[in-house]
1. On the basis of being at pLDDT below 90, hydrophobic (A, V, I, L, M, F, W, C) and either within 28 Å of the chain's Cα centre (by Cα) or closer than 20 Å to Ala358 by Cα (or both), does Ala396 make the cut?
2. Please verify whether segment 510-529 includes one or more residues that are at pLDDT 90 or above, open to solvent by 30 Å² or more (accessible area, probe 1.4 Å) and more than 60 Å from the chain's Cα centre (by Cα).
3. Enumerate the pairs (first residue in segment 295-312 and open to solvent by less than 60 Å² (accessible area, probe 1.4 Å); second residue anywhere and small (Gly, Ala, Ser) and in a loop (DSSP other than H, G, I, E, B)) with beta-carbon separation below 8 Å, excluding pairs fewer than 6 apart on the same chain, so at least 6 apart or on different chains.
4. Give the residues of segment 397-423 that are closer than 30 Å to Ala485 by Cα, of a type in the set (A, V, I, L, M, F, W, C) and open to solvent by 50 Å² or more (accessible area, probe 1.4 Å), sorted by residue number.
5. Please state which of the following conditions Leu555 fails to meet, knowing it meets all the rest: (1) more than 57 Å from the chain's Cα centre (by Cα); (2) closer than 25 Å to Cys483 by Cα; (3) assigned to a loop (DSSP other than H, G, I, E, B); (4) free of Cβ contacts under 8 Å to residues at least 24 places away in the same chain.
6. Pull up segment 236-271, narrow it to residues that are under 12 Å from Thr327 (Cα atoms) and open to solvent by less than 40 Å² (accessible area, probe 1.4 Å), then point me to the one that is modelled with the highest pLDDT.
7. Return the residues of segment 379-406 that are among the polar types (S, T, N, Q), touching a residue at least 40 places away in the same chain (Cβ under 8 Å) and over 19 Å from Ser343 (Cβ atoms); say none if nothing qualifies.
8. Could you tell me how many of the residues in segment 297-356 are under 30 Å from Leu413 (Cβ atoms), hydroxyl-bearing (Ser, Thr, Tyr) and either at pLDDT below 90 or not in a strand (DSSP E or B) (or both)?
Amino acid sequence: MDLYGITGGRLDVIAEEAELSRESTTMADEGGRATRGVSTFQRFSFDTNESLCFEPCEDSPPPPTGAEDGFDDDVFKGGQTESEIVTIRNRLQGKVAEMENFASHLEEIFLTVEENFGRQEQHLEQHYNDVLQTLSQRYDDRAAGLEEEKKGKLEALYKQLLTCGQAMDASKELIETAQEVYRSEDKRLFLKAVMPTIKRIKEFAKEEVDLTLSTNLEFNTPLADLSDVKTMMDSINVVPAPSAPVINPQMPNSATQTSLRVRWSLFSDDTVEYYELYYRPVLEDTPADSTCAPLVSKVKVKETHCTVTYLLPNAQYELWVTATNTTGISPASEKTLYMTVPSPPVIKQRECTSCPEAALIRWESGNTNPVDSYTVELSEMGTDGTESGIAESVVAVPTCQCLIQLQTKRRYLISVRAVNIGGPSDRSEVITVSTTGTFFCLLEDTAHPCLSISEDGFTMFYGYEELPISAMALDDNNAFTRCVAVLGDLIPVRGRHYWEVEVDDVTEFRIGVASEDTERNSYLGANNTSWCMRHILTPSRHKYEFLHNGCSPDLRITVNPVRIGVALDYERGTLSFFNVELEQHLHTFQCHFQHYVQPCFGLDNPGALTVHNGIEAPEYSFI
């Protein structure tokens, strides 16, 4: 039904009255007198029950009391002016507009009611179909039961019939045998066969034949239990319980270290008063015994989303949700896994290295559960020591280390974030990296047990005390066992690298570079994977050798260096040594480094060496 069909007639009446008002105004203007009967101006109102109530307009003039043919000019001027008529007309037009808006609103309500009715009609039809299906299933089950019962009774009767037939056949055969014996004329054969026959007759006579029916001929017809059908019929006019909600998969950046934002969906036809979200942590080492399982927490909300707080960082949580209305609680949704954001990584500053063109940053995850990736953030440090903003972010780093290309002679602030499906973690502690020169630390896991490394990682000590044999028994194949030496971690970037070593006259040392696979049970410079400068104390002088594969050129150094510069140039294939104080070139190895090499340091007698790195290479070192 069209709502305008209902209200159209009333609106037409209002329009006609408005037209009459305009005509009366015209007549009053033209003739000065107008015939006045019952007033055509009426005020109307409407309420929510869609009824229209027409009342006499308060602004209308009183009915005429003068001559029947109308008013004279004085009466018209005193009773109603033209401006009053215009005011009434405008007011009436406003009421018409309000009625039109109200009619439009009623039409929207009508459509909404019609949609709701259609939805309820579908629900009612589905409900009745379920009832009919249940009844049909009950009928089929009962008919199948009766068929099985009939089949059982017929089989029992058939078996009894077969038994009776077998007994009758045996009796008939026995009678025929007895007659043949009786009719026998040969007395010798008669005497021979009569006794077995009599014996068989006696045995047959002893057998009792059951002549009662083996089954009851009446069928068991219990009353059908239709209580559930009655319940279904009674629930037709009741709001159905909601269906199981569906938790949406976790969205990126939907978590923090201690909270999760969870969303779920529900069928549009369901009526829900509130939801209950359940969650618990997923622990890998939880025993199978359910009594030791994590406790389940619950949150009650009215929306289809919720933020769960006070959680563990980088932890998996199992979540499920139920919906509740006046009828009951829905089934639980399928369980879904969400993850909180990881804890910030921990940068291992002692294992970070740098050179004028790049930096190698290493860190620890700091999380028990695996992390999807890492993001390295770096910003250039200003001249005043403050951060100048993020200059670059290296994303999707799969492992706990990252090689970053940098600009030379700059200082950077570098931090790391761990990332999983929940989002990125907070920033790790910020470290400062300088690209003025090559920076590395000594690798303690490669150090001989007689060596001690200082806290800052740049000074090594070889004490005078002898270590026990038990301390010399090394399980780590990465440490030097014969030469009292240690390796430095050189950043794997081809280019120019420079560092300096502080020595003294009474210490026998070895300084140079070695490949990562250098044999740990040999001396530095005695194999083809290491190049070094060696200092030897003799009774007559200080001797210096430049060893590679056990060979050294015959060189004499007259001034003992106390600070030795080492310059490694991958592109030119050179390793040079300098006396820093005198800016004196000592020796250069010409070699082709097929693989990356690491700084190496050894002590042949008790003493100490101090490494100075991260410094700018002097101009003379790479001429």
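The values are calculated or read from the model by the stated rules, or taken from the named source; none is laboratory data. Keep in mind it's a predicted model, so treat the numbers as computed, not measured. When we count neighbours, we look across all protein chains shown, and the Cβ atoms used for this are built from the backbone with ideal geometry, even at glycine. For accessibility, only protein heavy atoms count, side chains too; no ligands or nucleic acids. Shrake-Rupley method; radii C 1.70, N 1.55, O 1.52, S 1.80 Å.
1. Here the answer is no, as Ala396 does not meet what is asked.
2. No, segment 510-529 contains no residue that is at pLDDT 90 or above, open to solvent by 30 Å² or more (accessible area, probe 1.4 Å) and more than 60 Å from the chain's Cα centre (by Cα).
3. Taking only residues 6 or more apart or on different chains, the pairs are Val308/Ser259; Leu311/Ser259.
4. Leu403, the sole residue that qualifies.
5. (4)
6. Pro242
7. Gln405
8. Counting residues in segment 297-356 that are under 30 Å from Leu413 (Cβ atoms), hydroxyl-bearing (Ser, Thr, Tyr) and either at pLDDT below 90 or not in a strand (DSSP E or B) (or both) gives 2.
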